[in-house]
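The values are calculated or read from the model by the stated rules, or taken from the named source; none is laboratory data. This structure is a prediction, so every number in the text was calculated from the model and none was measured. Please note: Cβ atoms are built from the backbone with ideal geometry, for glycine as well, and neighbour counts cover all protein chains shown.
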Amino acid sequence: MPAWDPAAALSTCLTLQDISKASQFNNSFNAEKTTPVLKLIETEAAKGYGKLCLPLTTEKWKERWSQMCLLPTESSEQDKETAARTAEAWRLNPAFERDEVTITRLGVYTP
């Protein structure tokens, strides 16, 4: 594949489940010094994929987002107020918690 043609690269899409399973892979990386995402990158590159699509957030973020943004119709006024305050706090200082993301800092990934 020509290096000048980025459209020629093969891509694959991986899921959170793929990342979780990657911790079981036996790759050439030193198992103590790598992460599931890095193992997936190596495995998929060996298959010929030049690009990967990975989820950035975990199910924990989805749960927290749902609690802030999706309320059941039978929610009490107190539940609605609590969710509104939590959502407003997020909007004022948007930040993920460490276990809500798959990438925690540049070059380091977690499942």
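Here are some notes:
- All positions within segment 58-80 that are in contact with a helix residue (DSSP H, G or I) (Cβ under 6 Å, 6 or more places away or on another chain), at pLDDT below 90 and not in a loop (DSSP other than H, G, I, E, B): M68
- Taken over segment 38-56, the criterion of being under 18 Å from L16 (Cβ atoms) and not in a loop (DSSP other than H, G, I, E, B) is satisfied by L38, K39, L40, I41, T43, E44, L52, C53.
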